[in-house]
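Working notes for the structure below.
The values are calculated or read from the model by the stated rules, or taken from the named source; none is laboratory data. Computed from a predicted model, the values in this text were never measured in an experiment. Here the Cβ is made from the backbone with ideal geometry for all residues, glycine too, and neighbour counts use every protein chain on show. These accessible areas exclude ligands, DNA and RNA; they are computed on the full protein's heavy atoms, side chains included. Shrake-Rupley method; radii C 1.70, N 1.55, O 1.52, S 1.80 Å.
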Amino acid sequence: TPKLEIKEVGKTFKTKSGETSALEKTSFSINEGEFVTILGPSGCGKSTVLRIVGGLEEATTGEVLLDGKAIQGPGPDRGMVFQSYTLYPWLTVKENISFGLKLKGSSQKEQDDVARHYLQLIGLEGFENHYPIQLSGGMKQRVAIARSLANDPEILLMDEPFGALDAQTRNIMQEVLLKAWEESKKTILFITHDVDESIFLADSVYVMTARPGRLKKKIPITLERP
Ligand code: ADP
Ligand code: ADP
């Protein structure tokens, strides 16, 4: 079975003037360990799909299966990384990364080991005792990625995570993410409106039509990664 299956998912929002359709019958699946991007213009419904998979929004029609089971609300099996940094400002980098483990009751040693591993993976050794306010945008997103991976989710859901960064930092972050993906072997669903970004990162790109969104085509990326 695929890791993630989206079956005929649609979404309408109630508005003052009635209803607006954000997403039409959309179906796709992602295999274990695959890196998939959804590419489409702004406003086409990409965030809506991701939020539905994350359990932050309820689909109007259709269903979402993770490992063959229907999802119910949000859960630690789905890690989420957004464009705006959602780090806990009162916790250090290290504490942010190990927060999920602490909630699960892991020992201090396990928390330290996992934090050290991910700090190294994202290239932030030496920053473990910094607070988020002391970090640049790219560094904050590194911590957000490390924090998600440290929780060992079944799938990582990423909503334009590098959208607020300058071009150079964005390129660096794409490399960091690919390295983290190759090492962690996680399944990743990444949404973006940036063609270069989606092709650089993904095994397969799903293209979404202008709103209301519907998946149009799956394009396998066969180029060799550098
Ligand atoms: P994208 O991520 O591709 O930019 P979104 O999924 O954010 O697109 O939005 C798709 C469409 O649904 C947009 O037209 C947006 O205005 C609308 N929409 C999203 N969330 C809501 C909401 N909570 N209420 C009403 N309309 C919404
Ligand atoms: P990134 O390295 O994540 O792409 P930037 O390009 O903004 O982020 O930062 C470039 C480099 O500047 C960082 O790798 C880091 O070495 C240094 N730097 C940025 N902010 C700080 C800070 N608050 N304290 C120490 N060094 C910093």
Review point. Of everything in the stretch 102-136 that's open to solvent by less than 20 Å² (accessible area, probe 1.4 Å) and assigned to a helix (DSSP H, G or I), which residue is farthest from ligand 1 (Cβ to nearest atom)?
Key: Gln111
Review point. Taking into account only those residues within the stretch 23-47 that are crowded, with 23+ Cβ neighbours inside 10 Å and either touching a Pro at 6+ places or on another chain (Cβ under 9 Å) or of a type in the set (Phe, Trp, Tyr) (or both), which is nearest to Leu156 (Cα to Cα)?
Key: Gly45
Exercise for review: Could you list all residues from the stretch 163-177 that are more than 10 Å from ligand 2 (Cβ to nearest atom) and crowded, with 20+ Cβ neighbours inside 10 Å?
Suggested key: Leu177
Check your understanding: Mind checking whether some residue in the stretch 167-184 is out of contact with any strand residue (DSSP E or B) (no Cβ under 9 Å at 6 or more places or on another chain), charged (D, E, K, R) and either in contact (Cβ under 8 Å) with a residue 60 or more places away in the chain or within 16 Å of ligand 1 (Cβ to nearest atom) (or both)?
Key -> yes
Practice item. Can you tell me which residue among Glu182, Glu154 is at pLDDT below 95 and open to solvent by 60 Å² or more (accessible area, probe 1.4 Å)? Key: Glu182
Practice item. Read through the list (1) closer than 19 Å to Leu189 by Cβ; (2) at pLDDT below 95; (3) not aliphatic (A, V, I, L, M), then give the number of the only condition that Gly33 fails. Key: (2)
**Study point:** Residues being acidic (Asp, Glu) and closer than 25 Å to Lys25 by Cα - total across the stretch 177-225
**Key:** 2
Review point. Here are some residues: Leu149, Leu215, Leu201. Which one is surrounded by 16 or more Cβ atoms within 10 Å (Cβ to Cβ) and under 26 Å from Phe99 (Cα atoms)?
Key: Leu149
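Does Lys94 meet the test of being away from ligand 2 (no atom under 16 Å from the Cβ), open to solvent by 10 Å² or more (accessible area, probe 1.4 Å) and of a type in the set (Lys, Arg)? Before you say what the answer is, go through the steps one by one.
Working: away from ligand 2 (no atom under 16 Å from the Cβ): no; open to solvent by 10 Å² or more (accessible area, probe 1.4 Å): yes; of a type in the set (Lys, Arg): yes.
Considered against the rule, which asks whether it is away from ligand 2 (no atom under 16 Å from the Cβ), open to solvent by 10 Å² or more (accessible area, probe 1.4 Å) and of a type in the set (Lys, Arg), Lys94 comes out as no.
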Exercise for review: State whether the residues of the stretch 81-101 include one that is part of a strand (DSSP E or B) and within 19 Å of Met208 (Cα to Cα).
Suggested key: no
